[in-house]
Amino acid sequence: MKLGHYELGVPVFLAPLAGVTDKAFRETVCAVGGEYVWTEMISDKALTYQNSRTLNMLDLYGESEPRIVQLFGSDPETMARAALLAIDCSANVIDINMGCPAQKIVKNGEGSALLKDLPRAQAIASAVVRAVHVPVTVKIRLGWNDEDIVAIELAKGLEAVGVQMLTVHARTREQFYSGQADWEWIRRVKQAVSIPVIGNGDVFIPEDAGRLIEQTGCDGVMIGRGALGNPWLIPRTQHYLNSGSLLPEPRLEERLQVVLQHFDRILRYKGDRIGLNEMRKHAVWYIKGVQKAAQLRNVIMQTKSPEEMRAVLIQILQDIG
Ligand SMILES: Cc1cc2nc3c(=O)[nH]c(=O)nc-3n(C[C@H](O)[C@H](O)[C@H](O)COP(=O)(O)O)c2cc1C
């Protein structure tokens, strides 16, 4: 598939994940062979106020194209201004969040609240498309709840105002992350529009991505939760889609090296105090599924310094190897 002048093949995207897909994690995914990553969602208002934390989220230095930045907001003009600022920070694609279910977002009319206000959703997309010279994409859910599925109507409206790609997370707002993603709706959206459609929801192993494409005809896939503590899932899924064959899981030495490099990046970008705290979360994901994970989790949570965290990680990963 093509997005603007980018030829992406059948892409596997790392999903935008607030609090997760920061620069350190994006670089880690790319270091193990992932090609297409997304920023966390970034507030249009905070960006236009030049909030320093928000500007840090737009540090795209050294990252390869296409650099995809996701914005959320509810006002067309503010979104358009924020999109221009993101482009000043070297974004190559602007993605608009129309799926975040969190109450603190929805109560401001942002994220999945837009599924209840299609004219506004369309006006936001239109304003951003008119303001920028790069591709604009949108990430949606199916609708607010089962009684109000709007994905097809919304998709058509977004295509009509010049949106160039859609990602469909096949759940409703009310579902949050529960239940199963209903891929059938991805197939229906794909049939209803002619722009590329990326399928999203419940891809946890490379073969899931193969089934998602087979069942829906979608042009690419996006992986979120499956990549937590498992950045290798992105390149392994890409390899599977490209070749039909499965790469082996990474060996212990590689895992250890990647985890420690991820930690170094976190410390570099966030400093020791915040970095240590952030690594606790990632470390728990990296050890998920191993024996005695609950006990190890406590050890990780009690680490008091980067040095201690490093030593604990090496010990744990060597023990489970
Ligand atoms: C911790 C977390 C943070 C998320 N943050 C965002 C976000 O910033 N923007 C967005 O569009 N979706 C966000 N999502 C939704 C994911 O991008 C994705 O649509 C969802 O997790 C379904 O895909 P999966 O089944 O592969 O996880 C988030 C999900 C999780 C679990």
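The values are calculated or read from the model by the stated rules, or taken from the named source; none is laboratory data. Given the structure is predicted, the values throughout are model-derived calculations rather than measurements. All Cβ positions, glycine included, derive from the backbone under ideal geometry; neighbour counts span all protein chains shown. To get the accessible areas, we keep the full protein, side chains included, count just its heavy atoms, and leave off ligands, DNA and RNA. Shrake-Rupley method; radii C 1.70, N 1.55, O 1.52, S 1.80 Å.
Remark: residue 54 falls outside the filter, which requires a residue to be over 22 Å from residue 163 (Cβ atoms), away from the ligand (no atom under 14 Å from the Cβ) and open to solvent by less than 20 Å² (accessible area, probe 1.4 Å). Look at residue 125 and say whether it is touching a Leu at 6+ places or on another chain (Cβ under 7 Å), part of a helix (DSSP H, G or I) and open to solvent by less than 50 Å² (accessible area, probe 1.4 Å). When the stated conditions are applied, residue 125 passes them.
Residues that are open to solvent by 30 Å² or more (accessible area, probe 1.4 Å), under 20 Å from the mean Cα position of the chain (by Cα) and over 30 Å from residue 276 (Cα atoms) do occur in the stretch 215-228. Across the stretch 144-166, not a single residue is classified as buried (at least 22 other Cβ atoms within 10 Å of the Cβ) and not aliphatic (A, V, I, L, M).
Among the residues of the stretch 7-31, the ones that are away from the ligand (no atom under 16 Å from the Cβ) and of a type outside the set (Val, Ile, Thr) come to 6 in all.
Being under 18 Å from the mean Cα position of the chain (by Cα), more than 16 Å from the ligand (Cβ to nearest atom) and at pLDDT 95 or above: is that true of residue 239 here?
Values: under 18 Å from the mean Cα position of the chain (by Cα): no; more than 16 Å from the ligand (Cβ to nearest atom): yes; at pLDDT 95 or above: yes.
It is false that residue 239 is under 18 Å from the mean Cα position of the chain (by Cα), more than 16 Å from the ligand (Cβ to nearest atom) and at pLDDT 95 or above.
Picking from residues in the stretch 93-117 that are in a helix (DSSP H, G or I) and within 30 Å of residue 5 (Cβ to Cβ), the one that is nearest to the ligand (Cβ to nearest atom) is 111.
What about residue 275, is it in contact with a helix residue (DSSP H, G or I) (Cβ under 6 Å, 6 or more places away or on another chain) and assigned to a helix (DSSP H, G or I)? Taking the combined requirement at face value, the residue satisfies it.
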